[in-house]
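Novice: Let me give you the structure first, and then I'll get to my questions.
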Ligand code: PYC
């Protein structure tokens, strides 16, 4: 059912990628966990996501969140992520932007200053942040357990040929493509190639391989493609470009993508416990990652990664959705 409504939003960006924190118009969601509430939102309220994320109110990269009361004892709040690609189980740049906007606007009151515990659909994340006056200057997320799900996968991509990749989980499942015969490395590609080949690779990968989170069957399928290459910015260890939705390239280095990449590198011994990993986006913005702990998920080796980044609030938006508008739930081109 499609309804009308007015939504107040704090618009921000995390290292260049948008975060629209919706501060009113929250639907009442069924379920005891954020995973259950996410599924209820998808079943009954997806029109809100479509209206606020797609054109003409949003754009291909648009991404946002709603804050909800916590689902577990001890947590400060819960986050529901909305995006052009759907309702993500976890979003790193989204968490950094949500925390920054919510703290600066007085929408979150941490019980312990400088720290937050957040329920998200993929589990729980610990957040620490720094402030200078009223400005939040940095946010660090201790993310959900991240792991290498499929090693040495291979598909034929029309126009490219055979592409080898790994699939890793960092809150979403990523096909991670490293330089190889038919992919010269990100530094040799432009946005045109990423936008052209990513959906083809994702489709072929999802046809050939199945992935499902061992503890939550509602988290499944390869939703994002991560192309890797050499960095351009001083201090970066590596560069990536993450494709999501139908036509988006993350302008940030992607928090869950960076977590997945760290899990992949850890599994090969290229990162060790305590190592840091500075990841650079397609526009040169950086996330500072670290392997915080080694753990396991259902018997599979995994890591707890952290990602640090910053966000800036740039506007306040009152968005009206009216079901007499033929584009009430937006469109994609
Ligand atoms: O930062 O985790 C992230 C993310 C997911 C999709 C876009 N950004």
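Just so you know, all these numbers are worked out from the coordinates, no wet-lab data involved. Only a predicted model underlies this, so the values are computations on that prediction, with no experimental measurement involved. Here the Cβ is made from the backbone with ideal geometry for all residues, glycine too, and neighbour counts use every protein chain on show.
Novice: Only counting other Cβ atoms within 10 Å, I'd like 188, 224, 93 sorted with the fewest neighbours first. Don't skip to the end; give the middle numbers.
Specialist: Working: 188 11, 224 24, 93 33.
If I rank by nearby Cβ atoms, fewest first, I get 188, 224, 93.
Novice: Mind telling me which of 17, 323, 143 comes out most flexible in a GNM of the chain, alpha-carbon contacts under 10 Å?
Specialist: In the Gaussian network model the winner is 323.
Novice: What percent does the relative contact order of the chain come to when contacts are Cα pairs within less than 8 Å and at least six residues apart?
Specialist: Rounded, it is 22 percent for the chain.
Novice: For the pair residue 207/residue 68, report the inter-label distance in nm, with labels modelled 7 Å from Cα in the Cβ direction.
Specialist: Placing both labels 7 Å beyond Cα along the Cβ direction yields 3.6 nm.
Novice: Can you compute the label reach from residue 55? Point 7 Å from Cα along the Cβ direction, backbone N cut-off under 13 Å, restricted to region 1-25.
Specialist: none
Novice: Next question. Within region 259-282, whose backbone N sits under 16 Å from a point 7 Å along Cα→Cβ of residue 233?
Specialist: Taking a point 7 Å out along Cα→Cβ of residue 233, the residues of region 259-282 whose backbone N falls under 16 Å are 259, 277-282.
Novice: Further, regarding this structure: Ranked by Cβ crowding within 10 angstrom, fewest neighbours first, how are 6, 256, 23, 228 ordered?
Specialist: Values: 6 11, 256 35, 23 18, 228 22.
So the ranking, lowest neighbour count to highest, is 6, 23, 228, 256.
Novice: How many nm is it between the label spots at residue 164 and residue 322, if each spot is 7 Å from the Cα in line with the beta carbon?
Specialist: Computed distance between label sites residue 164 and residue 322 equals 5.8 nm.
Novice: A further question follows. Based on alpha-carbon centroids, what's the gap between region 32-80 and region 319-333 in Å, whole number please?
Specialist: Result: 18 Å between the Cα centres.
Novice: Can you give the extra length, in nm with one decimal, that the chain gains between residue 276 and residue 298 once fully stretched, where that is 0.36 nm per residue apart less the Cα-Cα distance? Show your work: numbers first, answer last.
Specialist: On the way: separation 22, 0.36 × 22 = 7.92 nm, distance 2.58 nm.
Going from the current span to full extension adds 5.3 nm.
Novice: So if I take the alpha carbon set of region 134-202, get Rg, then get Rh from the Kirkwood formula, what is the Rg over Rh ratio? Mind showing how you got there, number by number?
Specialist: Working: Rg = 15.5 Å, Rh = 14.1 Å.
Radius of gyration over Kirkwood radius for region 134-202 works out to 1.10.
Novice: Let me ask something additional. Provide, in order from the shortest bin, the percent of all Cα-Cα pairs of region 177-333 in each 10 Å bin, continuing until the bin that contains the maximum pair distance.
Specialist: Reading the bins upward from 0: 9, 31, 34, 19, 6, 1.
Novice: What is the calculated FRET efficiency for residue 268 to residue 8, with r their C-beta to C-beta distance and R₀ = 30 Å, to the nearest 0.05? Could the numbers behind the result be given before it?
Specialist: Working: r = 46 Å, r/R0 = 1.53.
That pair, residue 268 with residue 8, gives E of 0.05.
Novice: Counting pairs of alpha carbon atoms under 8 Å apart in space and at least six apart in sequence, what relative contact order in percent does region 104-159 give?
Specialist: On the way: 52 pairs, mean separation 13.0, N = 56.
About 23 percent, as a whole number.
Novice: Additional query: If you average 1/r over all unlike Cα pairs in region 76-194 and invert the result, what Kirkwood radius do you get in angstrom? Walk me through the numbers on the way to the answer.
Specialist: On the way: mean 1/r = 0.0595 Å⁻¹.
16.8 Å is the Kirkwood radius here.
Novice: Per the Kirkwood definition applied to all pairs of different Cα atoms, how many angstroms is the hydrodynamic radius of region 280-319?
Specialist: Kirkwood radius, region 280-319: 13.4 Å.
Novice: Another question about this same structure. Please sort 106-117, 64-75 by packing, taking for each peptide the average over its residues of neighbouring beta carbons within 10 angstrom, highest first. It would help to have the intermediate numbers written out before the result.
Specialist: Details: 106-117: 13.2, 64-75: 17.2.
Highest mean packing first, the order is 64-75, 106-117.
Novice: Quick check on the exposure proxy: order 307, 194 from fewest to most C-beta atoms within 10 angstrom.
Specialist: Details: 307 30, 194 18.
Ordered from fewest to most neighbouring Cβ atoms within 10 Å, 307, 194 come out as 194, 307.
Novice: Next question. Taking a quarter of the surface of the Cα convex hull of the chain, what do you get in nm²?
Specialist: On the way: hull surface 64.9 nm².
It is 16.2 nm².
Novice: Using 0.36 nm per residue, how much length does the chain from residue 191 to residue 36 gain when fully extended, once their Cα-Cα distance is taken away? Mind dumping the intermediate values first?
Specialist: Values: separation 155, 0.36 × 155 = 55.80 nm, distance 3.58 nm.
Going from the current span to full extension adds 52.2 nm.
Novice: Another question, then. Pick from 94, 192, 247 the residue whose mean-square fluctuation is largest in a GNM of the chain, springs joining Cα atoms under 10 Å.
Specialist: 192
Novice: Express the relative contact order of region 1-105 as a whole percentage, based on alpha carbon pairs under 8 Å and six or more residues apart in sequence. Please report the intermediate quantities before stating the final value.
Specialist: Details: 168 pairs, mean separation 29.3, N = 105.
Contact order relative to length: 28 percent.
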